1. Sort out which residues of the stretch 329-368 are outside any helix (DSSP H, G or I) and small (G, A, S), and write them in order of number.
2. Do we find that P61 is part of a loop (DSSP other than H, G, I, E, B) and not basic (K, R) in this structure?
3. Taking the options D176, D213, D205, D200, name whichever one is free of Cβ contacts under 8 Å to residues at least 60 places away in the same chain, surrounded by 14 or more Cβ atoms within 10 Å (Cβ to Cβ) and not assigned by TED's automatic domain parsing to the domain that holds I78.
4. Out of the residues in the stretch 703-735 meeting the condition of being open to solvent by 40 Å² or more (accessible area, probe 1.4 Å) and either within 22 Å of L882 (Cα to Cα) or modelled with pLDDT of 85 or more (or both), tell me which one is farthest from the chain's Cα centre (by Cα).
5. All but one of (1) part of a loop (DSSP other than H, G, I, E, B); (2) of a type in the set (D, E); (3) touching a residue at least 24 places away in the same chain (Cβ under 8 Å) hold for E88, so report the exception by its number.
6. Can you report the number of residues in the stretch 569-602 which are within 16 Å of the ligand (Cβ to nearest atom), under 19 Å from R740 (Cβ atoms) and surrounded by fewer than 18 Cβ atoms within 10 Å (Cβ to Cβ)?
Amino acid sequence: MAKYTPMIEQYLKVKEEAQDAFLFFRLGDFYEMFFEDAILAAKELEITLTGRDGGAEERIPMCGVPYHSADNYIQRLIEKGYKVAICEQIDDPATVKGMVRREIVRVVTPGTVMEGKTLGDKQNNYMVSVTESEGMMALAACDLSTGELYVTSAPSSNRWLQDELGIYNPSEIIGDTHLLTYIKEQSSAASRPVVYTPWDKNREDLVQKQFGDAVWARLVDERKECVSRLIAYLNETQKRSLGQLTHIKTYEPEQYMILDPFTRRNLELVETVRERSKKGSLLWLLDRTETSMGARLLRRWIDKPLLQRSLIEERLEAVDKLYQNFIVREDIRAQLKEIYDLERLVGRIAFGNANARDLTALKVSLMKMPMLKQLCQASPSATLQKIAKDFDECADLAELIDAAIVEDAPISVRDGGIIKAGYHARLDELREASINGKRWIAELEAREREATGIKSLKIGYNKVFGYYIEVTKSNIGSLPEGRYERKQTLANAERYITPELKEKESLILEAEEKMVDIEYSLFVELRGELNKQIERLQKLAEKVAEVDVYQSLAVVSSEHSFVKPELTDGYDLVIENGRHPVVEAVMKDSSFVSNGTSLTKDDANILLITGPNMAGKSTYMRQVALIVLMAQIGCFVPASKATIPMIDRIFTRIGAADDLIGGQSTFMVEMADIQVMTEKATSRSLIIIDELGRGTSTSEGMAIAQAVIEFVHDTIGCKALVSTHFHELAHLQDSLPKLRNYSMAVQESGDKVLFLRKLIEGAASTSYGIYCARLAGLPEEIIDRAYGLLQSLEQGSLEAVSATAEQNMGQPKSMNTEEVKEEAAAKQVVQMSIFDEEEIATPDHKIETALDHASHQIVELVKNADIMNMSPLQAMQFLNELKMKAIKL
Ligand code: ADP
């Protein structure tokens, strides 16, 4: 084995501790990387790869970044989904003979960054721990930059895990390997890289110490394990106390409305489906927050709508009062505008990287608190008054900072210039000494000009020679011999010193050095003081965030004429003149057409919506879901009146053909989702199905759609909106008493179709698919042929249907053939052949053979069916398959 130099040996030893990270190995003013790290880093950071003799025969690949600009490089690697271990010199090289000791002082990972672009202002950056034991899964999510820590658990279910992860959108996940494998498989084209680290180390002792015995005792076992692993990981990577984690927020899955990742995406709650941008999402519309913590809280509210009516009412009360009181609202906004990101400032104080400017930002923010409190107190809202009640303005902390830190402090905390005069007696003395010294020097300059008669004589300073007297070459002749001691010769000047000048100089420099030291230690002391008050500051930040969200919702509600929803614990969902908030907001030229919704126990709880493409079906269905969701986060809704029951889950399913974004365009995915719906939906859920059964043949698609609708109607009993282009399914209204046919109105004039966007009772008679094809510019030849084929097909299936319908007379779920026949007659169908001549003239024996074959197939299918292992839905699907085969006979 190659023998390396001691330094490389040291490197290799440290590297063992950070195998999954780039090791930034401090050598003087550089962080160096070696071996594979260097090769990869050179590529990722576009820096030069060099080599170094390390004792072995071959040169060792090496690259490096300067110490002072390392943050930028670290950030770039983190953004690409890497970890970076920072290894510092522990000893002072000046005092140590031989090699200095080096240690990793911190591992920066995507989930633990504390500064930089990776942390979007208005977004949390979560790292998540996932564990599973004894049939329970747990999830702990921590944003180190804000100090938030949530934990929850539920009986083991991959779906639950996926739903919960969807809320946090973590940049880093640690935990059980099998869970990580599952999550990785499921994650569709993520918008940023996620780092996965299998992790089973656990530090219960640290959790107990950090959060106290009482908190520990209240955690159920699986949550203890999950949080302990998270803390162990943070401890091992950050290698410092994490004072910003002051409390653990536990919650139960039942507290919030469940929204699976697909529904979240499809409703475009926080980003749009296509561009994945915030603009165009519900969050974008509702976000009129003034502070970053308000923006983050609003996002969380949208991610987790409430289920408890009283809690929502409390929120609505505040929004309502602010909606009605423009002046109070504007006054509150004016205060909020000047409040910085308290949570992140506090995070940096705890982490020990807050600078003087951060403290000033904290002070400026705190100075707004008394007024904010007063405004809440004096507001007509009981909710805001409650917030004002134990509102600790932390005025003492503002004073503390104000007394110590100058207004325009520099970024660096090590170069002085940050502590105010009058704060510390010794510092004042030294400053005085330094000022006096400088004044003396200024006076000396005047004196010497006078004495020598050289007007251009000046006193300057540089780091190498200190203070000097400078005389230009042309004036040297006027200088009395031996007046000064020559120090340096320049091209056109001479520089001199005097013993007196040097004496003053050492006084000044000594004072300045001491001042810098004292300032730094005073600053650190102050930061330490504030660190002890972190819990108070965090509580305050939470209150500010809440007030901010209320005003944001009030502003939006007022600007877009939303109304306060009426919440009930009952079943019925009734919306008058509902609108899609985002579509309406982005519409420029035309106005949005409102539509009502009534889903009630006594009348109908399923609407089957037919109508051509582009008629507005999806918009309508999404608008109902959004209105419900907005109500349950405590926002007003886009309608003229709305009665909203507590919906426990919104489930959306969009036809496979539409779901191309996640790359999951297969029919199987659609079916798997429907399976989850059949299992998880309760009578309190809202189901939205857009174009069900699109990904398979028409007859199968229709059969599945019908079977699913029947299941929702008969077994689940929840509110549902189903859109379909199978207008043939309209007959379901006859057999399902709680289902109503609706359609999007269109006006036909000549060969033009005008979309009215109005929901009307009754089914559409056609899908207008061919009409859309014409709109898209297909040749007339194709369009004519398509109309002809359509008519033949409709006639053909009509005859088949009537044949079976006659056999099934009296059965509840068969078609109303008379109506269908009448409709067909009215259309004066012109029969066109779609079969081969030969088949039209099929001899009888051929028909018999075909019939025999088909019946045989059906018998075989029945014989082979494993009925005991079918879910009810599968059984229904199977039955339908048989029926369809029978229809074809
Ligand atoms: P469908 O689902 O029936 O194919 P969409 O819901 O996608 O139709 O609507 C198509 C377009 O029509 C939308 O992008 C929107 O611009 C417009 N639209 C939909 N509903 C309305 C409405 N109620 N008022 C005005 N425009 C609407």
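1. Start the filter on the stretch 329-368 by keeping residues that are outside any helix (DSSP H, G or I), which leaves 338-341, 352-355, 368.
Within the stretch 329-368, G352, A354 qualify.
2. no
3. Only one candidate qualifies: D176.
4. D734
5. Here E88 clears every test but (1).
6. So the count comes out to 3.
Residue-by-condition table, conditions (1) more than 29 Å from G175 (Cα to Cα); (2) in a helix (DSSP H, G or I); (3) not β-branched (V, I, T):
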| position | (1), (2), (3) |
| --- | --- |
| L230 | no, yes, yes |
| L245 | no, no, yes |
| V273 | yes, no, no |
| R276 | no, no, yes |
| L298 | no, yes, yes |
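One line per residue, one yes/no per condition, for (1) surrounded by 12 or more Cβ atoms within 10 Å (Cβ to Cβ); (2) under 18 Å from M7 (Cα atoms):
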site: E46; (1), (2): no, no
site: E57; (1), (2): no, yes
site: G64; (1), (2): yes, yes
site: N72; (1), (2): yes, no
site: L77; (1), (2): yes, no
site: K83; (1), (2): yes, no
site: I86; (1), (2): yes, yes
site: D91; (1), (2): yes, yes
site: I104; (1), (2): yes, yes
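The values are calculated or read from the model by the stated rules, or taken from the named source; none is laboratory data. Owing to the predicted nature of the structure, the values given are computational and were not obtained by experimental measurement. Cβ: placed from backbone, ideal geometry, glycine included. Neighbour counts: every protein chain shown. Heavy atoms of the whole protein, side chains included, go into the accessibility calculation; ligands, DNA and RNA do not. Shrake-Rupley method; radii C 1.70, N 1.55, O 1.52, S 1.80 Å.
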